[in-house]
1. When Rg is the radius of gyration of the Cα atoms in the chain and Rh is its Kirkwood radius, what does Rg/Rh come to?
2. In straight Cα distance, which aspartates and glutamates are under 17 Å from K32, not counting same-chain residues fewer than 8 positions off?
3. So if I restrict to the alpha-carbon atoms in region 8-71, what is the Rg, and what is Dmax, the biggest pairwise distance, in Å?
4. Sequence-distant or interchain residues sharing an amide H contact under 5 Å with V49, placed H: which?
5. Report, in whole Å, the centroid distance computed from the Cα atoms of region 85-119 and region 5-73.
6. Taking the Cβ of G37 as the center, what net charge do the other residues with Cβ under 15 Å away carry, scoring Lys and Arg +1 and Asp and Glu -1?
7. Which value in deg cm²/dmol, rounded to the nearest 500, describes the helix-derived mean residue ellipticity at 222 nm for the chain, given -39,500 (n - 2.57) per DSSP H run of n ≥ 4 and division by the residue count?
8. Hey, can you grab everything whose amide H is under 5 Å from the amide H of I135? Only 5+ residues off in sequence or another chain; H modelled, so Pro and N-termini drop out.
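Computed from the coordinates by the stated procedures, all read-outs in this text should not be read as laboratory data. Note that the structure is predicted; figures quoted are calculated from it, not measured. FYI the Cβ positions are ideal-geometry reconstructions off the backbone, even for glycines, and counts take in every protein chain you see.
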Amino acid sequence: MSQRKSKPVRRGRVRDSELEPYVSELLDHARKAVEPGGWTVHVERSHYVSLVFTSPLSPEIIGFSLTRQANPDRDRRRLSNFLKKDSEIARLAKVAPPSGKKRLLGGVRGSAATYGWSDETYEQVVNMLAEVRAITTEEWEWLTAVGPAVFPEHVRDEMSQRRQAGPPA
């Protein structure tokens, strides 16, 4: 009795040149939609093939998994809906990102979300950074327009529980 072994799945980032044509098409569509907002998009493979969205302006790494069995029409529709509905992608698309200090700006937004800053605290921190000239007027305007990052509720709950538990022993 002969046993056939399946090829192990190569996990991790996939080069654009190695993508199936329809995945490459989806990747191009996603890039055109989100790059003006400061996002980069690449493909990763594990058990699923996923588009991964990252931006130094956001503390979130956003994933979009494709269907297990190639279904280009359904994946195109799902991706279009996802790009319209994801709150963080939409938030960064509101205003063109400033040219400098993207990690600092993303860090301010991420800290506000991670530590549960009130809107007033966020505004005070952003104003203070502008007053001491740590950020430019353009960066202040951008931070004011997009506001803090907003994590999904289950992530906020988990972070809140961790803060209440205190530092690890």
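1. 1.07
2. D16, D75, D86, E88
3. For region 8-71, the Cα-based Rg and Dmax read 11.8, 37 Å.
4. Amide H neighbours of V49, under 5 Å, 5+ apart: L66.
5. 22
6. +4
7. Value at 222 nm, helices only: -15500 deg cm²/dmol.
8. So I135 has HN proximity to A130.
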